[in-house]
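Structure first, commentary second.
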Amino acid sequence: MPKFAANLSMLFTEEDFLDRFKAAAEAGFKGVEYLFPYDYSAAELKARLDEHGLTQVLHNLPAGDWGAGERGIACHPDRVEEFRAGVEKAIDYATVLGCKQVNCLAGIQPQGVSLEQARRTLVENLRYAADKLEAAGILLLAEPINTRDIPGFFLNRTEQALAIFDEVGSPNLKLQYDIYHMQIMEGDLAPTIEKHLDRIAHVQLADNPGRHEPGTGEIHYPFLFAHLDRLGYDGWIGCEYKPKTTTKEGLGWLDQARG
């Protein structure tokens, strides 16, 4: 059975953020992830993890001004120094939290920046981050995201991402495969996962349409969970969805998956 991590940026939002660790543990989760840790001290977050016996599975590199609509800066040629400072900050947090993998959001292609220029910047930034994180014992991930939810997001398809990874040339860079985003962009989920399993280090889920919990949309999650088991996937699956009602009321799918 896959290992499921609660995404605390999207689940248990009925609670204040720091109280979501307890809520996740009480629901049976053993791991947590969230978008960003940087609004809190690393020590404070680590204390919550330890108190509730949770593993910090994932968080993102700093991604610019999220409140203003930025969704990463890794493809922005004029933000390279900011990106590099963010890598150092992420390493500091991940080290304290015991987090073994960090995700890079490529960002929205800036106006006036060519496709080639954005790609070159992303490659260089990923190479820098992969090397720095490797030295710290942390794996770098990057995630394709659908362009319906985030128009203009630069990294948006599996093959595109892997071609960029090949150019980066680092063994410390793997794919974060979000089932929801890739269902929208390309479908063909099971064969794609099987084809690229050796390059996938983390999986995330939500159903489509609506980005709600499994069982509310078109994706046949029982098949995909069994498929991942058959393939021998031993990483985490991050539950990054918007509960249709409340988090607790929508966790029936998880009970079924656990058998």
When the stretch 236-250 is checked residue by residue, the ones that are surrounded by fewer than 19 Cβ atoms within 10 Å (Cβ to Cβ) and either of a type in the set (S, T, Y) or within 18 Å of Y180 (Cβ to Cβ) (or both) are K242, K244, T245, T246
Those residues of the stretch 196-211 that are touching a helix residue (DSSP H, G or I) at 6+ places or on another chain (Cβ under 9 Å) and either under 17 Å from F225 (Cβ atoms) or among the acidic types (D, E) (or both) come to a total of 8
| message | Checking the structure you have, find out if any residue of the stretch 221-232 is among the small types (G, A, S), out of contact with any Cys (no Cβ under 7 Å at 6 or more places or on another chain) and assigned to a helix (DSSP H, G or I). | response | yes
It is to be established whether one or more residues within the stretch 74-81 are closer than 28 Å to W236 by Cβ, modelled with pLDDT of 95 or more and within 16 Å of the chain's Cα centre (by Cα).
yes
G112: passes all of (1) under 26 Å from T55 (Cβ atoms); (2) open to solvent by 70 Å² or more (accessible area, probe 1.4 Å) but (1)
When the stretch 119-132 is checked residue by residue, the ones that are of a type outside the set (S, T, Y) and either in contact with a Pro (Cβ under 7 Å, 6 or more places away or on another chain) or surrounded by 23 or more Cβ atoms within 10 Å (Cβ to Cβ) (or both) are L122, N125, L126, A129, A130
Over the stretch 133-174, the set of residues farther than 18 Å from R84 by Cα, in a strand (DSSP E or B) and open to solvent by 10 Å² or more (accessible area, probe 1.4 Å) is K174
Cβ pairs under 7 Å, 6+ apart or interchain, first in the stretch 206-227 and of a type in the set (S, T, N, Q), second modelled with pLDDT of 95 or more and not in a helix (DSSP H, G or I), ordered by first then second residue, are N208/G217; N208/E218; N208/I219; T216/D207; T216/G210; T216/K244
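The values are calculated or read from the model by the stated rules, or taken from the named source; none is laboratory data. Remember, it's a predicted structure, so these values are computed and weren't measured experimentally. Positions of Cβ are generated from backbone atoms using ideal geometry, with glycine treated the same way; all protein chains shown enter the neighbour counts. For accessibility, only protein heavy atoms count, side chains too; no ligands or nucleic acids. Shrake-Rupley method; radii C 1.70, N 1.55, O 1.52, S 1.80 Å.
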